[in-house]
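Worksheet: one structure, shown below.
The values are calculated or read from the model by the stated rules, or taken from the named source; none is laboratory data. A quick note: this is a predicted structure, and the numbers were derived from the prediction, not measured. Backbone-built Cβ (ideal geometry, glycine too); neighbour counts: all protein chains shown.
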Amino acid sequence: MVMIVRYMDRPAPFSLDPAIALLGNEKEGMALDFLTMRGYIRDRGTPANFFLGNLNELLEYQAPSIKFVMDSAGLLAPGTTLRCDHLADGTPLGVLSEESRTNVVLFNRDLGQTVWVAENVIVARDQTGIDGAAGSASSVRALVDGGTVLQHITLARSARFQTAWLKRLTGSGAVEMTMDGETWLPVSLTSDWTRVSISPQTIENPSVGFRLATGGDRIAVDFVQNEEGAFATSPIVTEDRPTVRTGDFFALATNRFPFNPDEGTFIVNYRPGPQGGVGRQYMVAEIADPSDRQAGLLASAVRGSLAIECRSAGFAAEAVFTAPFADHVFVNSGIAYRHNDSAGCFNGQTVQTDASSLITLSRVTVLGVGAQSDGSGQTNGHIRSLVYIPRRISAAELRARTASA
């Protein structure tokens, strides 16, 4: 006798996969787990859509450039694939989606290059960097009190944010960082790598560098970064010219999973990042037609509130559900949509409803994660997971699925 086992009937340990656990007992749907980089698609109508595996084999990561994220060992690791970012203590955060940025500091790991002007200091590229690579970072030793190393940059006036990874090697004197070559701001160092920063300044022709107050003191320096914008993004390596890191965007066509245009549910667990001012909209996930963006579902931060929306037909029909939020705090948000019957919920709290929006998503073609479906409006934060169910779940189910952030 030949036994045929269908994929939906496979027993444990198959069923213990974290992506399968996210989807739960749903007969159809999709689960993306960005902590483990596992994905699962269960599509009874189109069995060929079945997927269980690494998300890099499922999602299209468009125009990736080299991106550094923190690995579980607390080291910055470069790559061009989707990977889980971590805190320095190894706590997993999920995938980090960021807007495009340019680092204008040249040779930002090698302060011994001629673009860096050293006065009363000795500079050498002799340190193991925050990426764990030997000889990848620099040391700066003050010969006398007030030794400096500076790089002067020709640049039009713009809003800049500056960061660097530093650690103390010897001594205990003050260490300062500057963005204009005149205003020196103290930074707090330990014997471990620490990312220090200078708050946003609107400036022309930056002068980037460091000053050691006490002769004989020695520090290590890595990934010096001066970028446009009001907040820091992940490190960008440079050599003899400014380097651009492209914006993150990963996508999946709606015909790759059991998408239902008339009703459905999205659950997204994510951590909003700083957005650089009230009113800036960003996207965690959007399902839309990128050619005209006439219909879609999104999660965004607008006017100081976190919003999840379902909108259609040139946005004439729109259901919006909002709640206060804080930067760098995870939130589990869900939206269940159907004609004249949409609902939203945050962290298992009160279910907000809208019974008057004629929502239909019949024109959508692409699910964009971490950005809008046209590749703009990046989250600038972390996404732990996304679950899609091709039915409008109940209020009780919505609360249960969003109960834990």
_So, Gly348, is that one at pLDDT 90 or above, touching a helix residue (DSSP H, G or I) at 6+ places or on another chain (Cβ under 7 Å) and assigned to a loop (DSSP other than H, G, I, E, B) or not?_
yes
*What residue, of Ala88, Ala133, Ala77, is farther than 28 Å from Thr214 by Cα, within 27 Å of the chain's Cα centre (by Cα), at pLDDT below 95 and hydrophobic (A, V, I, L, M, F, W, C)?*
Ala88
_Options Thr163, Thr246; residue that is in contact (Cβ under 8 Å) with a residue 24 or more places away in the chain, under 27 Å from the mean Cα position of the chain (by Cα) and more than 22 Å from Ile122 (Cα to Cα)_ = Thr246
*Could you list all residues from segment 81-91 that are out of contact with any Gly (no Cβ under 9 Å at 6 or more places or on another chain) and farther than 11 Å from Val69 by Cα?*
Thr91
*Of the residues that make up segment 58-74, is at least one part of a strand (DSSP E or B), of a type in the set (A, V, I, L, M) and crowded, with 18+ Cβ neighbours inside 10 Å?*
yes
*Looking at segment 191-209, is at least one residue of a type in the set (Asp, Glu), surrounded by fewer than 16 Cβ atoms within 10 Å (Cβ to Cβ) and in contact (Cβ under 8 Å) with a residue 24 or more places away in the chain?*
yes
*asked:* For the condition of a type outside the set (Asp, Glu), part of a loop (DSSP other than H, G, I, E, B) and buried (at least 23 other Cβ atoms within 10 Å of the Cβ), what is the one hit in Thr379, Thr360?
replied: Thr379
